[in-house]
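To start, the structure under review is shown below, and the notes come after it.
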Amino acid sequence: MIECIFTIDYEIYGGGQGSLKELVYEPAERMAAIFRKRGLRFVAFVEVAELEVIEAKGTDPAIDLVKQQVHDFHGEGFELGLHLHPQWCNARYEDGRWLLDYSEYNLCTLPTERIVQIVDRVMAHFRELLGVADFTPFSFRAGNWLMQPTRAAARVLTDRGIRVDSSVFKGGLQHQHKMDYREARRNGYYWKFTDDANKPDPGGTLLELPIHTRMVPLWEIATAKRLGLQQKGFSGGQANNRSLHRFLDFIRFRYPLKLDFCRMTITELTRMVDRVILDDERNPTGFKPIVAIGHTKDLVDFETVEFFLSYLESKRIPVSTFKDVYHRCTC
């Protein structure tokens, strides 16, 4: 059986550019309207550190709209996950632009004490934002998908009640940040882990539900739609060595194409799911949750979202959340 989990990273551009109203509130509201109409729900990965700092510095008048929207999503049954770019925690706003602390770019490389400080801080703000003193996000997605080295961060998240990680994308590789998810290609559609998000551990503390990918030649990734969105959101915040490292990342025969409903065409989306359907026909007893990803800042093509939902309905593939599928993955 196949189920599709729509996740959307709820954030502005990585260097702090752009308005909350245009890049977060408005696209999220339009997507939510599409899902409400069909009686469906998605997972919003809320970048809480970003919202906390923007509110504290008073840099964006739409912060109250965004806070109310997150509150409303929670009340309506949309699942709220924690998304975290720790470079926001020490951010400064000077001369009309954000200066982020890139020394804290990867949560997993920080000392355990600092990981605890950051996670506790953003969890407290999440609860304050919702007005729910005991709220605990069910799922987590690391900033820039960086869930390596895994052990310390996974332990902190687990100790605070988070049950699902969705940072891994099979085949992912980032030389600059020493992230390597190529080993995860051997795994199934989901797995538990403890010390390494790549490595299944039946007694693991976190369940990995990876962003669904397919390994493709590089030319399949370089579409006009995808390149246009990448160029629109490019930030020079860490540009010094970025080009060299990205060049090294791409020197291979095949590259992971994520199931991204913002950056892919409807043809790309349906072809990828068609492959999962063929796999399900060969192995109908295995449960196959597939995680689709999007970003509010990339969400401009709502027609494709509508078409993709119609396609899934025509194939009788339910749209679920992490809470919906968790027990089927862990029993």
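The helix-only estimate of mean residue ellipticity at 222 nm for the chain, built from DSSP H runs of length n ≥ 4 each weighted as -39500 (n - 2.57), is -11500 deg cm²/dmol after division by the residue total. In order along the range 177-186, the Karplus-derived 3J(HN,Hα) couplings, from 6.51 cos²θ - 1.76 cosθ + 1.60 at θ = phi - 60°, round to 10, 6, 9, 9, 9, 5, 5, 5, 4, 6 Hz, and Gly and Pro are given as x. The residues Glu306, Glu281, when put in order of fewest to most other Cβ atoms within 10 Å, stand as Glu281, Glu306.
Rounded, prolate or oblate: which fits the range 2-330, taking a ≥ b ≥ c as square roots of the Cα gyration tensor eigenvalues, rounded meaning a/c under 1.5, else prolate when a/b beats b/c? Here the range 2-330 falls in the rounded category. Derived scalar couplings between HN and Hα for the range 89-96 equal 5, 10, 5, 10, 10, 9, 6, x Hz in order, rounded to whole Hz, by the Karplus curve 6.51 cos²θ - 1.76 cosθ + 1.60 (θ = phi - 60°), x for Gly and Pro. At 15 angstrom or more along the helix axis (alpha-carbon based) and mean Kyte-Doolittle of -0.5 or higher, what helices does the chain contain? Whole DSSP H runs only. Long hydrophobic helices here: 112-130, 266-282, 302-314. Beta bridges assigned by DSSP with both partners in the chain are antiparallel in approximately 30 percent of cases.
Here the dipole of the chain is about 1060 debye; that uses its Cα centre as origin and unit charges on the Cβ of Lys and Arg (positive) and Asp and Glu (negative).
Selection among Leu157, Leu257, Phe35 by position relative to the dipole of the range 2-330 gives Leu257 as farthest towards the positive end (Cβ unit charges, Cα centre). Classified by the C-alpha gyration tensor, the range 35-167 has an oblate form. Its axis ratio a/c, with a ≥ b ≥ c, is 1.5 or above, and a/b does not exceed b/c.
Taking every DSSP beta bridge that has both ends in the range 59-166, the antiparallel portion is near 40%. Listed by chain and number, the aspartates and glutamates whose C-alpha is less than 14 Å from the C-alpha of Lys199, apart from same-chain residues fewer than 8 away, are Asp165, Asp180, Glu183, Glu208.
Is the shape of the range 11-91 best called rounded, prolate or oblate, per the rule: a/c under 1.5 gives rounded, else a/b larger than b/c gives prolate, else oblate, with a ≥ b ≥ c the square roots of the Cα gyration tensor eigenvalues? Taking the square roots of the gyration eigenvalues as a ≥ b ≥ c, the range 11-91 is prolate. Mind jotting down the distance between the C-alpha centroids of the range 268-331 and the range 7-68, whole Å? After rounding, the separation between the Cα centres reads 23 Å. Could you tell me which of the pairs Lys258/Lys323; Lys178/Lys232; Lys192/Lys258; Lys57/Lys323; Lys21/Lys225; Lys21/Lys288 are separated by over 31 angstrom between their Cα atoms in the structure shown? As for pairs spanning more than 31 Å Cα to Cα, those are Lys57/Lys323; Lys21/Lys288.
Here, each number is a calculation from the coordinates, and none is a lab measurement. What you see is a predicted model; the values in this text were computed from it and never measured. A quick note on method: Cβ atoms are made from the backbone with ideal geometry, for glycine too, and the neighbour counts reach across all protein chains shown.
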